[in-house]
1. For the stretch 17-28, what are the residues that are more than 6 Å from the ligand (Cβ to nearest atom) and touching a Phe, Trp or Tyr at 6+ places or on another chain (Cβ under 8 Å)?
2. Only one residue in Leu101, Leu60, Leu88 is more than 12 Å from the ligand (Cβ to nearest atom), on the phi < 0 side of the Ramachandran plot and touching a Cys at 6+ places or on another chain (Cβ under 6 Å). Which one?
3. Tell me, please, whether a residue that is more than 8 Å from the ligand (Cβ to nearest atom), farther than 15 Å from Pro182 by Cβ and surrounded by fewer than 15 Cβ atoms within 10 Å (Cβ to Cβ) can be found in the stretch 33-40.
4. If you go through the stretch 122-138 one residue at a time, do you hit one that is closer than 19 Å to Thr87 by Cβ and modelled with pLDDT under 95?
5. Filter the stretch 165-197 for residues that are over 17 Å from Val49 (Cα atoms), open to solvent by 90 Å² or more (accessible area, probe 1.4 Å) and not in a helix (DSSP H, G or I) and give the result.
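The values are calculated or read from the model by the stated rules, or taken from the named source; none is laboratory data. The model shown is predicted, which means the values in this text are computed figures rather than measured ones. Ideal geometry is used to build each Cβ from the backbone, glycine not excepted, and the neighbour counts take in all protein chains shown. Note: areas computed on protein heavy atoms with side chains; ligands, DNA, RNA excluded. Shrake-Rupley method; radii C 1.70, N 1.55, O 1.52, S 1.80 Å.
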Amino acid sequence: MRTGIMGGTFDPIHYGHLLAAEEARRILNLERLIFVPTGDPPHKANSRVTPSEDRYAMTLLATAGVLEYSVSRTEIDRKESSYTVDTLREFVHSGINPDELFFITGLDAMLSITSWFEFEKIPELCTLVTARRPGYPVDGIERLPKFIRDDLKYIEIPQFAISSTEIRERVRQNKGIRFLVPHLVEIYIMSNNLYKT
Ligand code: NAP
């Protein structure tokens, strides 16, 4: 079964992520898409990331009702540091053929892949897919090792101008976020007082 893994912090999930997911599903002919919010991000140990349960809840609210979409708790429930290679191994061990497994994430994250734990094993486990915002430079791709570049597919998302950083900043400044995130995610953010400080 052709499966996309949508990996990200999703702090918060927004329409840019959903458009990227849907475009990946269409272009790669995916039968299902599993959103995998990060748990305790090893690479963001010193940064303030919203608790994983809130990010998980928002991802569930954003994707509920779409038949092909689901949300996995695998990285959130992992007790030890959470690495993409372990997540991909879990999906392959559950029976997904690596030729039918696609790991989708943002370009900036992908450019740091050589610092990820056991990154050299990743292309054996999946095809890497990266979503690009319009106007974002692709500088740095040429510095990635050839075996990563050979595995990498790009998806241009013309409408993907939204970012989680911008949404958090808008909430902090009491600017609206209507139509940037799904309505239920907006309600969740407001009711739980997220991103106010
Ligand atoms: P992030 O902060 O969530 O995002 C980095 C950039 O990519 C941001 O511009 C983000 O936009 C965009 N983005 C994130 N997820 C996306 C998606 N699924 N589709 C399209 N664009 C997306 O990135 P991160 O925390 O570094 O994590 C990204 C993925 O890489 C996660 O699955 C993470 O586990 C993995 N990763 C693994 C390791 C490791 O194994 N050691 C290390 C680093 C990252 P927004 O800001 O608007 O979300």
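1. Result: Leu19, Ala21, Ala24, Leu28.
2. Numbers: Leu60 fails: touching a Cys at 6+ places or on another chain (Cβ under 6 Å); Leu88 fails: more than 12 Å from the ligand (Cβ to nearest atom).
Testing whether each residue is more than 12 Å from the ligand (Cβ to nearest atom), on the phi < 0 side of the Ramachandran plot and touching a Cys at 6+ places or on another chain (Cβ under 6 Å) leaves just Leu101.
3. Scanning the stretch 33-40, I find no residue that is more than 8 Å from the ligand (Cβ to nearest atom), farther than 15 Å from Pro182 by Cβ and surrounded by fewer than 15 Cβ atoms within 10 Å (Cβ to Cβ), so the answer is no.
4. If we filter the stretch 122-138 for residues that are closer than 19 Å to Thr87 by Cβ, which is where we start, we get 122-131.
So of that shortlist, the ones also modelled with pLDDT under 95 come out as 130-131.
Yes, the stretch 122-138 has at least one match.
5. Residues satisfying the conditions are Asn174, Lys175, Arg178, Phe179.
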